[in-house]
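Report on the structure given below.
The values are calculated or read from the model by the stated rules, or taken from the named source; none is laboratory data. If you're wondering where the values come from, they're calculated on a predicted model, not measured in any experiment. With ideal geometry, Cβ positions are generated from the backbone for all residues, glycine too; neighbour counts draw on all protein chains shown.
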Amino acid sequence: MLFLKLIRNVTNMLYAYSWHDIHEYISEVVVSILPRGKTRMKLITLYLPETYIKALDQLVDECFYPNRAEAIRVAIRDLISAEVWRRKGVD
């Protein structure tokens, strides 16, 4: 039900809002369904192609995200949320 409401709201937003605003709305909805509370973070190391790093830096330079780490966290959160929704829709 939440997913249908989200789709309906995003569809209505397409004409009046920027993609950045729509992304922020979707992120807020995703955060609202994830477990609450302070989570401990762990450091991981990964290798990325130079093109990914340049794209991340562009997002940071354009103030979409405060830093690379936050952009990567949002991307991973969105991926996990999308996979959970996809599986819930299939089950």
### Query
Among (1) outside any loop (DSSP other than H, G, I, E, B); (2) surrounded by 11 or more Cβ atoms within 10 Å (Cβ to Cβ); (3) modelled with pLDDT of 70 or more, which single condition is LEU48 missing?
(1)
### Summary
With criteria (1) at pLDDT below 90; (2) over 20 Å from ARG40 (Cβ atoms), ALA71 comes up short on (1)
### Query
Is it the case that ARG68 is among the basic types (Lys, Arg) and under 16 Å from ILE26 (Cβ atoms)?
no
### Message
For the range 27-37, check the following and say yes or no: at least one residue is at pLDDT 85 or above, loosely packed, with under 13 Cβ neighbours inside 10 Å and at positive phi.
### Response
no
### Query
Does the range 77-90 include one or more residues that are free of Cβ contacts under 8 Å to residues at least 60 places away in the same chain and closer than 18 Å to ASP21 by Cα?
yes
